[in-house]
Amino acid sequence: MTYTLTQLGYLSYNTQLEKYQLSSGVLALGYAYVSNLKVRQLARPYLDEFARQTNMSVGLTCRDRLHMIYVENRLPPEASLLRMDIGLKLPMATTSAGRAYYCAISDKGRKVVEDAMEVKYGDDSWPQKKEGLDRAMEDYKKYGFCLSIGEWDRNINSAGVPVHLQDGTIMALTCAAPSYLVPAERLRESIARQLAMLASDIESLGV
């Protein structure tokens, strides 16, 4: 039972306390849960600065089954585009946040996710989704980040990197912008690398 609930995203294992705890799947990202995320509070000024420098939306996400859910999102000072509200769900297979999470989990965990995705998408759509995930894994191994170039929304380019918390939780940091503002080449060659450095800065906060 514990194994099943963990794979479904309802429980997570806390390595420091050596016991299982409720995770975002069962709490459905209620605002009380979100407000108590220490990483969200500590990372906010770093996200604000990144958004200002890159003119992109940037946010923190965590897993809910086959989706990633925004728990924080920050915008550049004068931007009104791409406001991702807290609680917004993103598909794991096609977004940079989801791909970053997928690449960072264990082989065993990845197999569970893949099996669930295969059932969800079926024979017609799953091969294309798996191809995108494989490309993301190649990027992650080479560069430490994942991209989604018009694959979730044809007008949106985004990058994602995992964030490893001290209790063993894996979150994903993601930035996104309309493709006419941030072309794929700039995202890959510059901004995605800055995002990876931002993830390291957040991890160094000791959360």
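The criterion of being more than 18 Å from Ala172 (Cβ to Cβ) and among the β-branched types (Val, Ile, Thr) holds for Val119.
The number of residues in the range 180-207 that are crowded, with 17+ Cβ neighbours inside 10 Å and part of a loop (DSSP other than H, G, I, E, B) comes to 2. Restricted to the range 57-152, the set of strands (runs of 3 or more DSSP E) holding at least 3 residues that are under 21 Å from Ala177 (Cβ atoms) and touching a residue at least 40 places away in the same chain (Cβ under 8 Å) comprises 57-64, 67-74, 146-149. Just one of the listed residues (Lys111, Lys120) is surrounded by 13 or more Cβ atoms within 10 Å (Cβ to Cβ), of a type outside the set (Val, Ile, Thr), modelled with pLDDT of 95 or more and over 30 Å from Tyr46 (Cα atoms), and it is Lys120. Just to check your reading of the model, which residue among Arg63, Arg83 is of a type in the set (Lys, Arg) and at pLDDT 70 or above? Checking each option against the conditions leaves just Arg63. Taking the criterion of being within 15 Å of Leu195 (Cβ to Cβ) and buried (at least 22 other Cβ atoms within 10 Å of the Cβ), the residues of the range 75-97 that qualify are Thr95, Ser96, Ala97. Taken over the range 37-54, the residue count meeting the criterion of being surrounded by fewer than 17 Cβ atoms within 10 Å (Cβ to Cβ) and farther than 17 Å from Asp85 by Cα is 6.
Within the range 115-126, the set of residues being farther than 15 Å from Pro91 by Cβ and touching a helix residue (DSSP H, G or I) at 6+ places or on another chain (Cβ under 9 Å) is empty.
Residues in the range 157-179 that are assigned to a strand (DSSP E or B) and either free of Cβ contacts under 8 Å to residues at least 60 places away in the same chain or farther than 19 Å from Glu72 by Cα (or both): Asn157, Pro178. Within the range 43-76, if we keep just the residues that are among the β-branched types (Val, Ile, Thr) and out of contact with any Phe, Trp or Tyr (no Cβ under 9 Å at 6 or more places or on another chain), the residue that is farthest from Lys89 (Cα to Cα) turns out to be Thr54. Arg52 - would you say it is farther than 21 Å from Leu165 by Cα, assigned to a helix (DSSP H, G or I) and modelled with pLDDT under 95? Yes; evaluated as a whole, the condition is true for this residue.
The values are calculated or read from the model by the stated rules, or taken from the named source; none is laboratory data. Keep in mind the model is a prediction, meaning the values are calculated, not measured. Ideal geometry is used to build each Cβ from the backbone, glycine not excepted, and the neighbour counts take in all protein chains shown.
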